[in-house]
Amino acid sequence: MKRFLAAALSAAMMLSMAACGGNATETTGGESSGAAEATGGTVMAGAYVLDSEMANMVPFANPTTNMDYAVFNLIYEGLFYYNPKAGELQSALGDVDTIQWNDDYTQLTIELNQDAKWQDGEDFTAEDVVFTYELLRDNPTLDEYGLWSRLDSITADGEDKVVFQCKNSFVALPNYLAYIFIVPQHQWEGQDMTTFTNNEPIGTGPFKLEKYTSGTSAEYSANAEYWKGAPKVDGMTVVLYNSSTNLTLALIAGEIDIAIDNTIVMSSVSEFMAQDGAQMDVYAGLGNFMVMMNEDNELLADPVVRQAMCMALNTDELIERGEYNCVVKAPISFLPEIFGDYVNEEAANSLTYDVEGAKKLLEDAGYTMGEDGIYVSPSGQRLSFEYYSASGAPAQQSEAAMIQQYLLEVGVEVVPRVATWAELASIAAEGSYDLLQNKIEFPCDVYAALSNSFGTDGSTNYFNYSNPEVDALLESTATETDDAKLAEIYDQVQTLIAADYVYIPMYNSGTHQPYYDGINFSGWTTNDAPITSTDNLISIYPVQ
């Protein structure tokens, strides 16, 4: 674990400085204005979140990660917090320094934060933690990471400790705990989770939801009793936008101080950076954008077809034209650079852009090109697929058009379809697609990243991928505590994934966080994420 964290720290720091070049992609921030620290004011934030998404504020298995930024991270906390820049777990409602395992890594004990209180004044207790995790157990659709396939029980040890009992060794468990928000038993107990929408959320975090205006904004007040210290601002208003274009226009016009879901139309980065006080924080992230290929489709079940489609992608051109070089590549072996020494470099770099090679691959496998320029399978089926991408997202639409043209150049026809981000998530989960362009996010753990997406029963295995050898290797890591042996196993898994061409890699989602410093507010800390970090949320102050 320590080796991973150190490597991740190094990778994150290097990427935050070097992922982008030039004025449009500076990684800057902090108390640059020199203004005297003050208190008060309301931060105006923008989020690309639709009214339909805000209709359900249950912070588990929500169909859009934008809700994490716009709602959940302001209100709720988990047992731990993962700092993406430092590449490490930090204390939140649990004390990371008190993590204690038994000898065979089947029982985990954690001491809890005794200073935290719920925003309605009630004490936070171990019973709240037990209740939250048992809620996931009793409502499996909320157990996004399938934790209860590995947990036997969770119990309170007095008011200040919880004990997780695992079915087998599960050394990755602490990393998962950073992604589960804890909810108050006294509010949630007895609720029917098939109908409960949590319209009046109560958390332990730095901001309290005061008012939601449907489709327009969410207004938050500072939690004066927050255990880390009260925010220095009076509140935050999250303005909701129905497209990234509208959000970007508001950002450039100075109508909002920060785009809290990292949204900006990439072609507008230079214009934004030309504004006084404009900052762009860029760092590696725990997620990859890709074109998912559904192996339930008979044609896409053929690895030759998948390989040819992967070889069609000109990744360098896509990143330059679509993302203005503000992202890093996502490897065909899945694990991004932030995982440091656990990344299999040979597997990661095994994909080659080769249009003619892709055509030859198909022809050698018996595919013939029709008069319309589209290949036909040996059984007479045209290589024609529906392709879903995000509506209201100019960069995604531009990149979808580029990828569709790349595929056409190797004889694969694409029928474009668009859907909202929430709809894309549902379509992917249902498996009702051929090709789907979206992001897969994963916890800060190698096992979790690989098993969730490539294990046969993985919660984000949207490809319907199944490889018994991958399953067996991943299962063997659950009880392995030797770092060198783990690295060897993970290398093998990445080699298999790369050889199976499970998805078409685009780029690591990372973060390009646009905000203003020294105009209305300052005090942003640069050693953590600008908006997901509670340290940032309580540090920013108004410029006098």
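The values are calculated or read from the model by the stated rules, or taken from the named source; none is laboratory data. What you are looking at is a predicted structure, and each value in this text was computed from that prediction instead of being measured. Counting neighbours? That spans all protein chains shown, and the Cβs are built from the backbone with ideal geometry, glycine included. Note: areas computed on protein heavy atoms with side chains; ligands, DNA, RNA excluded. Shrake-Rupley method; radii C 1.70, N 1.55, O 1.52, S 1.80 Å.
The table below gives the values:
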quantity: DSSP-defined antiparallel bridges as percent of all bridges, the chain, nearest 5; calculated: 75
quantity: Solution diffusion estimate, µm²/s, Stokes-Einstein, region 482-544, Kirkwood Rh from C-alpha pairs, 25 °C, viscosity 0.890 mPa s; calculated: 156
quantity: Probe 1.4 Å - accessible area at MET402, Å² to nearest ten; calculated: 20
quantity: For the chain, calculated [θ]222 nm from helices alone, where every DSSP H run of n ≥ 4 adds -39500 (n - 2.57); calculated: -8000 deg cm²/dmol
quantity: Convex hull projection area averaged over all views, region 312-432, Cα basis, nm²; calculated: 9.3
quantity: Degrees between helix 468-477 axis and first principal axis of the chain (Cα, 0 to 90, nearest 10); calculated: 30
quantity: Within the accessible area of region 431-544 (1.4 Å probe), percent carbon and sulfur; calculated: 45
quantity: Between helix 483-500 and the chain: long-axis angle, C-alpha atoms, 0 to 90°, nearest 10; calculated: 50
quantity: Listed residue pairs exceeding 18 Å between alpha carbons, taken from LYS208/LYS232; LYS85/LYS161; LYS208/LYS228; calculated: LYS85/LYS161
quantity: Paramagnetic reach from GLU345 in region 466-506 [backbone N under 20 Å; point 7 Å along Cα→Cβ]; calculated: 484-499
quantity: log10 of Debye I(q)/I(0), alpha-carbon scatterers only, for region 370-521 at 0.11, 0.17, 0.19, 0.21 Å⁻¹; calculated: -0.59, -1.10, -1.22, -1.34
quantity: Heavy-atom accessible surface of region 147-207: percent carbon and sulfur, 1.4 Å; calculated: 41
quantity: Sulfur and carbon atoms: percent of accessible area, region 221-351 [1.4 Å]; calculated: 40
quantity: For region 391-439, average projected area of the Cα convex hull in nm²; calculated: 3.4
quantity: Spread of Cα-to-Cα distances over 5 Å intervals beginning at zero, given as percent, for region 217-345; calculated: 2, 8, 13, 13, 14, 14, 13, 10, 7, 4, 2, 1
quantity: Region 313-457 - accessible surface per residue (Å², probe 1.4 Å); calculated: 40
